[in-house]
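Chemist: Have a look at this one.
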Amino acid sequence: MAKNICVIGTGYVGLLTAAGLADFGNQVIGVDIDKEKIDTLNEGKSIIYEPGIEEYLAKNIKAGRLRFTMDLQSALSNSEVVFIAVGTPSLENGDADLHYLYDVVDSIISYIKGYKVIVIKSTVPVGTNREIHNRILTQTSAPIDIVSNPEFLREGKAVYDFFHPERVVIGCHSSEAKEIMEDVYRALNRANIPFVWCNWETAELIKYASNAFLAIKIGFTNQIASLCEEVGADVRIVSKAMGMDGRIGPKFLHAGPGYGGSCFPKDTRALASIGGKIGVPITIVEAVIKANENQKKRVIERLKKHLGVLQGRRIGILGLAFKAETDDIRESPAIDIVRMLLSSGATIQAHDPQAMDNFALLFPTIKYVDSEYDVAKDCDALLILTEWNEYRSLDLEKIKACMKQPYVFDTRNIIDEDELKSFGFLYDFIGR
């Protein structure tokens, strides 16, 4: 049976959740405090860049299953299930910042009159769902159930991931809440998607443990890449051979300038903080956090090794988003790399197909250009930081003609080495 659902928060996770649940046949109301966002969304236009999302927005708005509002009270009164999908960014000490989440929880308490299932989509430390449960019960006698339902969406492929998840994790403590969540996700049940039913703490830890393990794979691969550079090995072949081992698998073994994004950096820091607080230090995660920071520094060190001093050098950067197929720059390796380049006295000109507007909010003074060839103009080095497909097939002859010095540092290993050689480039890769 389809459910009436309210989704609070129309950021990345909230918007995908609202559109996806509506497409499952539920009646969904998305809530946000930003009128401009609400107006844009009600027109079927996305406020984030994610391939495929606008199709689902327009389809479900037209079908009458999805709408967006600023009226929280009305949305709650018309909904049995309430999804909360607000950000939980890192504090300076590595803890998750939960004030947005608790602000929402406190704002809905006075509006809860009848039974509600409150679903926490936000990534939260172990014990948070229990704390929310107790917090609500101390302020209202209305019947509620709390459900932990962490998301596992890859930016750039989030639409596919929502409709084809490898598993759905649901932490709950009542048979009634379980029945309702089965109805909410009936479309996935019928598609035989595995469901993991557990308690709150287990669901919370599954999210952190999963992201931390993937970050470990990336961090380990990057350290092996550094070793490859020194001993003359090729990390691409090392990683491929490792991935052929079924115990390891091929995913997340690609060397690069370091991991970034909205999940891995903050979730590894939060897990390390959780372990430290309860006396169970997660030293492997602590090490990978440090290794990830060192990987970005190594990019600068290798640039200096080739160029000498960076003072007065013009560096062209291709790619600012933390990965391809997104405009998200949160914790992008490009941020720290650009910061270090600027502090070394370099001049930067940059291009990204989607992320330049977001990056300009952090670095308004660097030069942003319309094409990859404009980036190369009069540069001493061309630095590739994001693996956009359009960078894989650059006209290298044209690039070389634009550059002051024909030097490319491809931190994503997407350019063909033989082609670089044939045009007389000097070059560096990661792990080679």
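The values are calculated or read from the model by the stated rules, or taken from the named source; none is laboratory data. Everything numeric in this text was worked out from a predicted model, so none of it was measured. Cβ: placed from backbone, ideal geometry, glycine included. Neighbour counts: every protein chain shown.
Chemist: Of (1) modelled with pLDDT under 95; (2) over 24 Å from the mean Cα position of the chain (by Cα); (3) closer than 19 Å to ASP103 by Cα, ASN78 satisfies all except one. Which?
Modeler: Here ASN78 meets the rest and fails (3).
Chemist: Working carefully through the options THR69, THR128, find the one that is β-branched (Val, Ile, Thr), closer than 23 Å to PHE264 by Cβ and touching a strand residue (DSSP E or B) at 6+ places or on another chain (Cβ under 9 Å). Steps first, please.
Modeler: Working: THR69 fails: closer than 23 Å to PHE264 by Cβ.
Going through THR69, THR128 in turn, just one is β-branched (Val, Ile, Thr), closer than 23 Å to PHE264 by Cβ and touching a strand residue (DSSP E or B) at 6+ places or on another chain (Cβ under 9 Å): THR128.
Chemist: Would you point out the residue of segment 26-35, among those that are outside any loop (DSSP other than H, G, I, E, B) and among the aliphatic types (A, V, I, L, M), that is farthest from GLU80 (Cα to Cα)?
Modeler: To start, the set of residues in segment 26-35 that are outside any loop (DSSP other than H, G, I, E, B) comprises 27-31, 35.
The next check asks that each one be among the aliphatic types (A, V, I, L, M); those that pass are 28-29, 31.
On the way: VAL28: 11, ILE29: 11, VAL31: 15 Å.
Only one residue tops the list, namely VAL31.
Chemist: Run VAL369 past the list (1) of a type outside the set (Lys, Arg); (2) in contact with a strand residue (DSSP E or B) (Cβ under 6 Å, 6 or more places away or on another chain); (3) buried (at least 19 other Cβ atoms within 10 Å of the Cβ) and report the number of the one that doesn't hold.
Modeler: (3)
Chemist: Would you point out which residue out of LEU362, LEU420 is within 24 Å of ILE335 (Cβ to Cβ), assigned by TED's automatic domain parsing to the domain that holds VAL235 and at pLDDT 95 or above? Full working, then the answer.
Modeler: Values: LEU420 fails: within 24 Å of ILE335 (Cβ to Cβ).
The match here is LEU362.
Chemist: How about segment 307-423: which strands (runs of 3 or more DSSP E) wholly inside it have at least 3 residues that are closer than 18 Å to HIS254 by Cα and not hydroxyl-bearing (Ser, Thr, Tyr)? Spell out how you get there, then give the answer.
Modeler: Values: elements: 314-318, 347-351, 381-384, 407-410.
Output list is empty.
Chemist: What pairs come out if I take residues in segment 260-272 that are within 15 Å of LYS290 (Cβ to Cβ) and pair them with residues that are of a type in the set (D, E, K, R) and surrounded by fewer than 24 Cβ atoms within 10 Å (Cβ to Cβ) whose C-beta lies under 7 Å away, six or more apart or interchain?
Modeler: Within 7 Å, the pairs are PRO265/GLU331; ALA272/GLU286.
Yes/no per residue for (1) hydrophobic (A, V, I, L, M, F, W, C); (2) in contact with a Lys or Arg (Cβ under 6 Å, 6 or more places away or on another chain); (3) touching a residue at least 24 places away in the same chain (Cβ under 8 Å):
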position: HIS254; (1), (2), (3): no, no, yes
position: VAL285; (1), (2), (3): yes, no, yes
position: LYS290; (1), (2), (3): no, no, no
position: VAL299; (1), (2), (3): yes, no, yes
position: GLY308; (1), (2), (3): no, no, no
position: PHE322; (1), (2), (3): yes, no, yes
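Chemist: Test each condition in (1) modelled with pLDDT under 95; (2) within 19 Å of ILE8 (Cα to Cα); (3) among the hydrophobic types (A, V, I, L, M, F, W, C) for LEU137 and report the one that comes out false.
Modeler: (2)
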